[in-house]
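Report on the structure given below.
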Amino acid sequence: MVVSTRVSPVTVGLCIMLCLMAATVHGGEVDGMEQGDDGGHCPDGYILNDESCYRLEESSKTFTEALDTCRREGGQLVTIDSSEENDVVTELLLDARQPSTEWAWIGLTDRETEGEFRWLGSSDPPSFTDMSPVIGNDDTVDCVLITPEFGWAPLYCDGYAAFVCETSVIK
């Protein structure tokens, strides 16, 4: 019995294609995008949690600059509706372990009516907050930061901080 050691170009091509596909689909990611169980995925650089995608931007910007950046990417500053979601966002900051990410803008503000914090685009009071009782609020601090150490804290909107963008899962 003679066994040929010669491999056809078609076989080589198929092997290369399968190897590339295996390298592309790895650990729930497709082409650098995190993928959910239902096939939905997040844009590159975002992490998936339930029906939302999150990205921590470590560069410091004002609240308005941060909001503009998130909107350019098709998202918004993060809206945190539960303790579990707050934990996800806090973990993003902790994982970065950078001095620039000790504080990050979220999409909560009382710019429209002093003392009545609302998520951007909503007229309803938040269903969940983690506002720090240690840090007070006055009529000059209208935008809210999240920090792993103190919870949420209002600050001057023209201050500089990292920020968290949120966007919908791509189906």
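At a glance:
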quantity	calculated
Distant-in-sequence amide H partners of LYS61 (H built 1.01 Å from N, under 5 Å)	ALA161, ALA162
Cα gyration tensor, the range 84-171 - rounded (a/c under 1.5), prolate or oblate	oblate
For the range 68-73, 3J(HN,Hα) per residue [Karplus equation, 6.51 cos²θ - 1.76 cosθ + 1.60, θ = phi - 60°, Hz, x = Gly/Pro]	4, 4, 4, 5, 4, 8
Vicinal HN-Hα couplings computed from phi for the range 89-97 (Karplus, 6.51 cos²θ - 1.76 cosθ + 1.60; Hz; Gly/Pro x)	5, 4, 5, 4, 5, 5, 5, 5, 6
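Computed from the coordinates by the stated procedures, all read-outs in this text should not be read as laboratory data. Remember, it's a predicted structure, so these values are computed and weren't measured experimentally.
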